[in-house]
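Written below as structure tokens is the structure these notes are about.
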């Protein structure tokens, strides 16, 4: 079963590794794989907890904007199809 870690927990794991904790031991202790650790390090490396919260907010805002753009493009395409038929 997959465990889900919050961004704050992940940043805590990364800080422990930066402080000198062996990565293998850290992974075994908290129950995640080496691959997960390196993936998290690539994504959250050098971040603090407020930075991660801001990143989460920006990602959700970006998703909303993408949805609005897709809906607008769909509406514009539908109007073009309808306009062709009337002329």
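The values are calculated or read from the model by the stated rules, or taken from the named source; none is laboratory data. What you are looking at is a predicted structure, and each value in this text was computed from that prediction instead of being measured. All Cβ positions, glycine included, derive from the backbone under ideal geometry; neighbour counts span all protein chains shown.
A single member of 63, 52 is in a helix (DSSP H, G or I) and more than 14 Å from residue 7 (Cβ to Cβ), and it is 63.
For residue 4, the requirement of being in a helix (DSSP H, G or I) and without any contact (Cβ under 8 Å) to a residue 60 or more places away in the chain is not met. Residue 10 falls short on exactly one of the conditions (1) part of a helix (DSSP H, G or I); (2) surrounded by fewer than 12 Cβ atoms within 10 Å (Cβ to Cβ); (3) in contact (Cβ under 8 Å) with a residue 12 or more places away in the chain, and that condition is (2).
Just one residue in the set 83, 17, 78, 35 is surrounded by 10 or more Cβ atoms within 10 Å (Cβ to Cβ) and either out of contact with any helix residue (DSSP H, G or I) (no Cβ under 7 Å at 6 or more places or on another chain) or on the phi > 0 side of the Ramachandran plot (or both); that residue is 78. Only one entry of 54, 42, 28 meets the criterion of being loosely packed, with under 10 Cβ neighbours inside 10 Å and at pLDDT 90 or above, and that entry is 42.
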